[in-house]
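Participant: Before anything else, here's the structure in question.
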Amino acid sequence: QYRTISREQVLACGMSPRALQLRIAPSGPWQRLLPGVYLTVTGTVMPEQREMAALLYAGPGSLITGVAAARRHRLRPAGPDVVDLLIPWTRRRQSLAYVRVHRTRRMPPRWFVTGRIRFTEAPRAVADAARSMTRFDDVRGTVCEAVQRRVCMLAELQAELAAGPPARSALLRAALAEVADGVRSVAEADFRVLILRSDLPKPVFN
């Protein structure tokens, strides 16, 4: 678990609550990452430790999605260094620190696993990442890269758009319309806008 452990796991291993408190004290050898989740070393926290801690905090069945999951598919989306988590609708967990929790009735039936880190398939990761972004160029860049590199297909992203919540989907919808027209980069998207605003005949992009 990348040197992360939950309180439940600590106690199940036979460590007493008093011993745990001594380890996470300011002078102790451990550090607290999230409520009930600890890193068993001091110093800099690595990305995989942050992600593992987020999954331990959210509990069994939780999945990483959004920007963090897209990066695990070797994409390069812009965005803050947060971890978006999907949890079943019937469970309650609060967002805090670097973790954003999303309760959903649409938990993916399949997912990827790297080590102990569970994350969504690429279409869901890209769509959720796009919905978390506020800059259209960031959404364009993420969608174009995913399709250009064939990490996922346009039809898969269109299906995610249709199945997902309409809230915060306007930028994703606009980006998918550009990609459907043949655009495969932000620069091409800007060029497309210039062409469509002019009186030049519309070309066949790519």
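The values are calculated or read from the model by the stated rules, or taken from the named source; none is laboratory data. Here the structure is a predicted model, which means the values were calculated and not measured. No Cβ is skipped: glycine too gets one built from the backbone with ideal geometry, and neighbour counts run over all protein chains shown. Keep in mind that these areas ignore ligands, DNA and RNA; they rest on the heavy atoms of the full protein, side chains included. Shrake-Rupley method; radii C 1.70, N 1.55, O 1.52, S 1.80 Å.
Participant: Per residue of region 63-78, what does 6.51 cos²θ - 1.76 cosθ + 1.60 with θ = phi - 60° give for ³J(HN,Hα)? Whole Hz please, x for Gly and Pro, Karplus curve as stated.
Facilitator: 9, 7, 9, x, 4, 4, 5, 4, 5, 6, 8, 6, 8, 10, x, 6
Participant: For Val204, what is the net charge nearby, where nearby means another residue's Cβ is under 15 Å from its Cβ and Lys, Arg count +1, Asp, Glu -1? Mind dumping the intermediate values first?
Facilitator: On the way: positive: Arg184, Arg192, Lys202; negative: Glu178, Asp181, Glu188.
So the environment of Val204 carries a net charge of 0.
Participant: Hey, any idea what Rg/Rh is for region 85-178, computing Rh the Kirkwood way over Cα pairs? List each step's numbers first, then the result.
Facilitator: Values: Rg = 13.6 Å, Rh = 14.1 Å.
Radius of gyration relative to Kirkwood radius: 0.96.
Participant: Also, quick follow-up: What's the ranking of 61-73, 163-175, 15-27 by average number of surrounding C-beta atoms within 10 Å, highest first?
Facilitator: Values: 61-73: 24.2, 163-175: 15.2, 15-27: 11.2.
So the peptides 61-73, 163-175, 15-27, ranked by packing, come out 61-73, 163-175, 15-27.
Participant: Just report the Cα centroid separation between region 41-65 and region 131-172, whole Å.
Facilitator: Comparing the Cα centres of region 41-65 and region 131-172, I get a distance of 25 Å.
Participant: Below 8 Å, C-alpha to C-alpha, sequence gap of six or more: please give me the relative contact order for the chain in percent. Numbers along the way, then the final one.
Facilitator: On the way: 306 pairs, mean separation 29.8, N = 206.
Relative contact order here is 14 percent.
Participant: With a Förster radius of 41 Å, plug the Cβ-Cβ distance of Ser16 and Arg74 into 1/(1 + (r/R0)^6) and report the FRET value to the nearest 0.05.
Facilitator: Working: r = 43 Å, r/R0 = 1.05.
Using R0 = 41 Å, I get an efficiency of 0.45.
Participant: Note down the nm distance, to one decimal, between modelled labels 7 Å out along Cα→Cβ at Phe205 and at Ala174.
Facilitator: 1.3
Participant: Just to check, using Stokes-Einstein with a Kirkwood Rh over alpha carbon pairs, what's the diffusion coefficient of region 1-100 at 25 °C and 0.890 mPa s in µm²/s?
Facilitator: On the way: Rh = 14.4 Å.
Value of D from the Cα-based Kirkwood radius: 170 µm²/s.
Participant: Right, next: Convert 25 °C to kelvin, take the viscosity as 0.890 mPa s, use the Kirkwood radius over C-alpha pairs of region 73-140 as Rh, and evaluate the Stokes-Einstein diffusion coefficient in µm²/s, rounded to a whole number. Mind showing how you got there, number by number?
Facilitator: On the way: Rh = 13.2 Å.
Rounded, D is 186 µm²/s.
Participant: Follow-up question, since we're still on this one. With the full set of protein chains in place, find how many percent of the accessible area of the chain is carbon and sulfur; take the probe as 1.4 Å. Mind dumping the intermediate values first?
Facilitator: Values: 6080 of 11130 Å².
It is 55 percent, rounded to a whole number.
Participant: How much accessible area per residue does the chain have, counting only protein heavy atoms and a probe of 1.4 Å, in square angstrom?
Facilitator: Averaged over the residues of the chain, the accessible area is 54 Å².
Participant: Sticking with this one: Report the extension gain between Arg91 and Met107 in nm, rounded to one decimal, defined as 0.36 nm multiplied by the number of residues separating them, less their alpha carbon distance. Write down the numbers at each step before the final one.
Facilitator: Working: separation 16, 0.36 × 16 = 5.76 nm, distance 1.19 nm.
Stretched out fully, the Arg91 to Met107 stretch lengthens by 4.6 nm.
Participant: On to the next question. Helix 122-132 sits at what angle to the longest principal axis of the chain, using alpha carbons and giving 0 to 90 degrees rounded to 10?
Facilitator: Approximately 90 degrees, to the nearest 10.
Participant: Note down the net charge around Leu96, summing +1 for each Lys or Arg and -1 for each Asp or Glu among other residues with Cβ under 14 Å from its Cβ. Write out the running numbers ahead of the final one.
Facilitator: Numbers: positive: Arg32, Arg50, Arg92, Arg93, Arg100; negative: Asp84.
Net local charge, Leu96 excluded: +4.
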